[in-house]
Amino acid sequence: SPKNTPHKKKKDCHVCYYPDYSQGNQYQGLLYKDLIDGGAIVTGTSDMLKFVSTNFIDGRENILHIHWLNQIFGQTRFSREQIISQSQKFLKGIIHAKNRGFSIYWTIHNNVSHDFSYVADELRFSRQLYTLSDKVFVHHPLVPDLLDWLPDQKKLCLCEHGHYDFAQAIDTTRVGARASLGFTERDLIVTHVG
């Protein structure tokens, strides 16, 4: 099972994460908040080539942190050959970054990307990425049991999912929240947490 990861503030870190969804989702901002507050340099990008060619900063622990793979595998507008080509470019870039001194961290959010048809290709890529990664984070101790493609569990670290700030929800009325999502008062909404 994954080992717990202690929460340490590292001032001497340089973290670049991919893809950057911080504009539409609080998760990444909350995840990196303690590092930033501690003086770490944290940036994000959704540009694959920019990510794998991030500048190395001397005197800091340099980390490339990968989140969702849908930027590569969830692109239904590309052919299978284009997706495989992109995935191989990404892995070559990761190898090059490791050779330059970067540590590779990966948080597994999904078994496979949503809306993707080439599951076997993505699972093969995931095994390769796992092999290249120095640490692989999961948000629940049962996740490894669901990932039958894992070659082993040696690199797995348990990191609780970042919590969201509920202060904004307190300032929003029920009608306002529904309207912001495009629902009327009469629409049925079913939610599932987990």
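The values are calculated or read from the model by the stated rules, or taken from the named source; none is laboratory data. Values in this document were obtained by computation on a predicted structure and should not be read as measured data. No Cβ is skipped: glycine too gets one built from the backbone with ideal geometry, and neighbour counts run over all protein chains shown. What goes into the accessible areas is simple: the full protein's heavy atoms, side chains included, and nothing from ligands, DNA or RNA. Shrake-Rupley method; radii C 1.70, N 1.55, O 1.52, S 1.80 Å.
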LYS92 passes all but one of (1) surrounded by 12 or more Cβ atoms within 10 Å (Cβ to Cβ); (2) farther than 24 Å from TYR32 by Cα; (3) among the basic types (Lys, Arg); which number fails? (1)
Without any contact (Cβ under 8 Å) to a residue 40 or more places away in the chain, in a helix (DSSP H, G or I), among the hydrophobic types (A, V, I, L, M, F, W, C) and open to solvent by 20 Å² or more (accessible area, probe 1.4 Å), is that true of LEU150? no
Before we move on, is LEU188 at pLDDT 85 or above, exposed (fewer than 15 other Cβ atoms within 10 Å of the Cβ) and out of contact with any Leu (no Cβ under 7 Å at 6 or more places or on another chain)? yes
Would you pick out the residues in the stretch 173-185 that are surrounded by 10 or more Cβ atoms within 10 Å (Cβ to Cβ) and part of a loop (DSSP other than H, G, I, E, B)? PHE183
The stretch 46-75, subset among the aromatic types (Phe, Trp, Tyr) and at pLDDT below 95, residue nearest to LEU31 (Cα to Cα): TRP68
Among the candidates GLU122, GLU81, single out the residue that is of a type in the set (Asp, Glu) and buried (at least 18 other Cβ atoms within 10 Å of the Cβ). GLU122
Any idea how many residues of the stretch 63-88 are over 21 Å from GLN153 (Cα atoms) and not in a loop (DSSP other than H, G, I, E, B)? 13
In the stretch 89-143, residues that are assigned to a loop (DSSP other than H, G, I, E, B), closer than 22 Å to ASP58 by Cα and in contact with a helix residue (DSSP H, G or I) (Cβ under 8 Å, 6 or more places away or on another chain) total 0
Could you tell me which residue of the stretch 55-78 is least open to solvent (accessible area, probe 1.4 Å), considering only residues that are β-branched (Val, Ile, Thr) and more than 16 Å from ASP20 (Cβ to Cβ)? ILE57
Only one of (1) of a type in the set (A, V, I, L, M); (2) surrounded by fewer than 17 Cβ atoms within 10 Å (Cβ to Cβ); (3) more than 25 Å from PRO144 (Cα to Cα); (4) touching a residue at least 40 places away in the same chain (Cβ under 8 Å) does not apply to VAL52, and that is (2)
Could you identify the single residue in PRO6, PRO2 that is crowded, with 17+ Cβ neighbours inside 10 Å, modelled with pLDDT under 95 and either among the hydroxyl-bearing types (Ser, Thr, Tyr) or closer than 24 Å to TYR130 by Cβ (or both)? PRO2
